[in-house]
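Worksheet: the structure to be examined is printed underneath.
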Amino acid sequence: MPIDDARFRLAMSHFASGVTIVTTSHDGKLFGMTVASFASLSLHPPLVLVCIEHSVKTHEAIIAAQKFGVSILSNAQTEISSKFASRSDDRFAGVETFTGALDVPLITGALTAIECRLHEQLPGGDHTIFVGEVVDVFTREGDPLLYFRSGYREIRD
């Protein structure tokens, strides 16, 4: 007998994670959302994975575009994370972005921005696991934005 949704969510909230914005562009439109399900997968070849719910627009846009970006947010970017987690139709309004070789929007000021070609997509329940081959990365120094127990956190020395 499976556990109920509330118990599962509570259990998973005890895992601290970084906060990312996953983005893509297709047919002249920008798509993006806040994602906590992100991981490095392989060094050779360089692969990362993100898990995206089937029902969101970004899911179909990644499939159509065959590319995506991942911006790992700094602790100064809680507002951007909240904006991309909302149901707003224009999440990019007022958010500064840049593009690299794949012309994917990446969040300016993120600790790391990663450009990926879609390498593979795998089933994952009500999500799809998108595996991306890393084409380029941009990094800068700073402290990460963390998410733990349904709230943003910071690293304290």
Report summary line: Of the range 98-131, those with amide N under 15 Å from the point 7 Å along the Cα→Cβ vector of Ala76 are 107-112
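With a Förster radius of 25 Å, plug the Cβ-Cβ distance of Ala16 and Asp136 into 1/(1 + (r/R0)^6) and report the FRET value to the nearest 0.05.
On the way: r = 28 Å, r/R0 = 1.11.
E(calc), rounded to 0.05, equals 0.35.
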Report task. In whole angstrom, note down how far apart the Cα centers of the range 41-101 and the range 1-22 are. Result -> 19
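Taking R0 as 30 Å, what's the FRET efficiency between Ser150 and Lys57 from their Cβ-Cβ distance, rounded to 0.05?
0.80
First compute the accessible area of the range 82-157 with a 1.4 Å probe, then give the percent of it belonging to carbon and sulfur atoms.
Working: 2120 of 4720 Å².
Accessible surface attributable to carbon and sulfur in the range 82-157 totals 45 percent.
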Query raised in the report: Taking the Cα centre of the chain as the origin and placing charges on Cβ (Lys, Arg +1; Asp, Glu -1), which of Ile80, Thr139, Leu30 is farthest toward the positive end of the dipole?
Result: Ile80
**Report entry** Residue among Ser82, Ser71, Ser13 with the largest mean-square fluctuation in a Gaussian network model of the chain, springs linking Cα atoms under 10 Å
**Finding:** Ser13
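Evaluate the charge dipole of the range 53-157 about its Cα centre and quote only its size in Debye, nearest 20, assuming +1 on the Cβ of each Lys and Arg and -1 on the Cβ of each Asp and Glu. Please report the intermediate quantities before stating the final value.
On the way: 10 positive and 16 negative charges, 48 e Å.
Magnitude of the dipole: close to 240 debye.
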Query raised in the report: Which sequence of Arg140, Arg156, Arg91, Arg9 reflects their accessible areas, 1.4 Å probe, from the largest down?
Result: Arg156, Arg9, Arg140, Arg91
**Report entry** Label of the coordinate-derived value, percent of Cα pairs over 24 Å apart, listed as [x] 31; [y] 24; [z] 45
**Finding:** [x]
Query - Spin-label proximity, Asp143 to the range 100-134 - amide N less than 16 Å from point 7 Å beyond Cα toward beta carbon - result: 111
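What FRET efficiency, computed as 1/(1 + (r/R0)^6) with R0 = 30 Å and r the Cβ-Cβ distance, is obtained for Thr99 and Arg7, rounded to the nearest 0.05?
The value I calculate is 0.10.
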Requested in this report: Using Cα pairs closer than 8 Å and at least 6 residues apart in sequence, work out the relative contact order for the chain, in percent.
Outcome: 28
Requested in this report: Amide H neighbours of Asp143 under 5 Å, at least 5 residues apart or on other chains, H built in the peptide plane: list them.
Outcome: Asn75
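Counting only heavy atoms of protein chains, what accessible area per residue, in Å², does the chain have with a probe of 1.4 Å? Before the final figure, lay out the partial values.
Working: 9280 Å² over 157 residues.
For the chain, the per-residue accessible area is 59 Å².
The values are calculated or read from the model by the stated rules, or taken from the named source; none is laboratory data. Please read all numbers here as calculations on a predicted model, not as lab measurements. Cβ atoms come from the backbone with ideal geometry, glycine included; neighbour counts cover every protein chain shown. SASA here: full protein model, heavy atoms, side chains in, ligands and nucleic acids out. Shrake-Rupley method; radii C 1.70, N 1.55, O 1.52, S 1.80 Å.
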